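Q: My questions will all concern the structure given below.
The values are calculated or read from the model by the stated rules, or taken from the named source; none is laboratory data. Source: prediction; values computed, not measured. All Cβ positions, even for glycine, are placed from backbone atoms using ideal geometry, and neighbour counts span all protein chains on display. Note: areas computed on protein heavy atoms with side chains; ligands, DNA, RNA excluded. Shrake-Rupley method; radii C 1.70, N 1.55, O 1.52, S 1.80 Å.
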Amino acid sequence: MERIREPIRVAVVFGPGRAVKPVWFEWRRRKHAIQQTTYSWSDRVGDDTRLHFSVSDGEALFELVYSTTRQNWELLNLQAE
């Protein structure tokens, strides 16, 4: 697993309740269509609740993180398949 920690743009679908589903993201000028969300969880850092998504574009596994306080996305980790 490679640590990245870079800001990214993410397209999401908001479902009923608090459901958030990432659809695609842009990283280093490349668009990655999310084919599968393998796992999601949340944690807290101080007052910030962060939503984590482990997603695959069919080529690699990415960990995307959404900060509910700062309202921004970050690519946290990458694992090439």
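Q: Computing the accessible area with a 1.4 Å probe over protein heavy atoms, can you report the carbon and sulfur percentage for the chain? Please list the in-between numbers first.
A: Details: 2590 of 5500 Å².
Carbon and sulfur atoms account for 47 percent of the accessible area of the chain.
Q: Let me ask something else. Find the centroid of the Cα atoms in the stretch 1-41 and in the stretch 55-70, then give the distance between the two in whole Å.
A: Value for the Cα centre distance between the two parts: 4 Å.
Q: Can you list the residues, at least 5 places off or on another chain, whose amide H is less than 5 Å from the amide H of Ile34, using H built in the peptide plane?
A: Placed amide hydrogens put Trp24, Phe25 under 5 Å from Ile34.
Q: How high is the relative contact order of the chain, in percent, counting Cα pairs under 8 Å that sit 6 or more residues apart? Before the final figure, lay out each step's value.
A: Values: 174 pairs, mean separation 23.4, N = 81.
Computed over the chain, the figure is 29 percent.
Q: Which of rounded, prolate, oblate describes the stretch 1-61, given a ≥ b ≥ c as roots of the alpha-carbon gyration tensor eigenvalues and a/c under 1.5 marking rounded, otherwise prolate only if a/b is larger than b/c?
A: Details: a/c = 1.65, a/b = 1.23, b/c = 1.34.
Taking the square roots of the gyration eigenvalues as a ≥ b ≥ c, the stretch 1-61 is oblate.
Q: Ignoring ligands, DNA and RNA, what accessible area per residue does the chain give at 1.4 Å, in Å²?
A: Values: 5500 Å² over 81 residues.
Accessible area per residue: 68 Å².
Q: Are there trypsin sites (Lys or Arg not before Pro) in the stretch 5-81 that DSSP marks as loop and that have at most 14 other Cβ atoms within 10 Å, and which are they? If you can, show how the numbers build up before the last one.
A: Values: sites: Arg5, Arg9, Arg18, Arg28, Arg29, Arg30, Lys31, Arg44, Arg50, Arg70; in loops: Arg18, Arg28, Arg29, Arg70.
In loop regions of the stretch 5-81 (DSSP not H, G, I, E or B), the sparsely surrounded trypsin sites (Lys or Arg not before Pro) are Arg18, Arg28, Arg29, Arg70.
Q: To continue, here is another question. So what are the ³J(HN,Hα) numbers for the stretch 56-63, from phi and the Karplus equation (6.51, -1.76, 1.60; θ = phi - 60°), rounded to whole Hz, Gly and Pro as x?
A: Karplus-based 3J(HN,Hα) across the stretch 56-63 equals 10, 9, x, 10, 8, 10, 10, 10 Hz.
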